[in-house]
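The values are calculated or read from the model by the stated rules, or taken from the named source; none is laboratory data. Since this is a predicted model, take the numbers as computed values, not measurements. Note that each Cβ is placed from the backbone with ideal geometry, even for glycine, and that neighbours are counted across all protein chains shown.
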Amino acid sequence: MQSPAKDDVLDRLSRIARRERGALSAVARSEGLDAEEALECLQDALCTFLSRERSEVAAMDDDHAVASVRTIVRNAARNFRRRHRRRLHHEAVDAAHDLPGGAPNAEELLAHAEDVVRLRMCVAELCSVQRAVVMLRLLDERTGEDAAEQLGLERGYVDVLVHRAKAALRVCMRHGE
C-alpha cells in the first residue's frame, strides 16, 4: 500500500496533469512531435517528475510544479528528436489537431499516460517477488511454468502471487481515482 505522502504527490500530479493536459501536449507538439511521440514524452516527463525527491515536490506550489513538468516535457521532446536525428520543422503546429479518424485526441492520450504512470508506481509498491512475477507473467507474457522455473518457485505459488498482485494493483489503481 502506498504511504500518504506518495498518495498526495500522485494525486497532486494527477490533478495538475489533467488540468494542464492541453498545454503539456502543446509543448511536446511544438517541438515537432506527432501525437504518439508527444504521449511518450509526456509519460517520460511524468515519471521523471515523480522520481524527484518527495519533499522537493511537496514543497513546490502548483505554478512551480506545472513549470517544472513543462520543462521536463520540452527536454524529453528535444531528446526524442535528437535520438531519432530529426530536425524541428518550423511550421505552425496547432495544438487542436487531433489524430485522423476515430483515433484518440491528445487529452485521451494524456489520460492514458497518467494511468500508465500510476500503474508503474503501483507495481513499484509490490514486494520484489510479486513484482518479478508481474513482470514475467503479465508484461513479458511468459507461461506460468516459465515464470516458476526462472524464479525457482512452484507453479501454484506463481499463480497465487499473480492473483494477489492483481488484487493489490486494482486497489492501488482505484485509490488514485
Identify, please: which residue in region 19-54 is under 13 Å from the mean Cα position of the chain (by Cα) and not hydrophobic (A, V, I, L, M, F, W, C) and is, among those, surrounded by the fewest Cβ atoms within 10 Å (Cβ to Cβ)? Ser51
Number of the condition not met by Ala76 [criteria: (1) assigned by TED's automatic domain parsing to the domain that holds Gly22; (2) modelled with pLDDT under 80]: (2)
When Val66 is evaluated against the numbered criteria (1) surrounded by fewer than 17 Cβ atoms within 10 Å (Cβ to Cβ); (2) at pLDDT 80 or above, which criterion, by number, is the only one it fails? (1)
Picking from Ala124, Ala165, which residue would you name as being assigned to a helix (DSSP H, G or I), hydrophobic (A, V, I, L, M, F, W, C), surrounded by 14 or more Cβ atoms within 10 Å (Cβ to Cβ) and in contact with a helix residue (DSSP H, G or I) (Cβ under 9 Å, 6 or more places away or on another chain)? Ala165
For region 134-158, name all the residues that are surrounded by 14 or more Cβ atoms within 10 Å (Cβ to Cβ) and either of a type in the set (A, V, I, L, M, F, W, C) or outside the structural domain of Leu169 (by TED's automatic domain parsing) (or both). Val134, Met135, Leu136, Leu138, Ala147, Ala148, Leu151, Leu153, Val158
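Conditions (1) in contact with a strand residue (DSSP E or B) (Cβ under 8 Å, 6 or more places away or on another chain); (2) assigned to a helix (DSSP H, G or I); (3) free of Cβ contacts under 8 Å to residues at least 60 places away in the same chain, marked per residue:
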position: Arg21; (1), (2), (3): no, yes, no
position: Ala26; (1), (2), (3): no, yes, no
position: Leu33; (1), (2), (3): no, no, yes
position: Leu46; (1), (2), (3): no, yes, no
position: Val57; (1), (2), (3): no, yes, yes
position: Asp63; (1), (2), (3): no, yes, yes
position: Thr71; (1), (2), (3): no, yes, yes
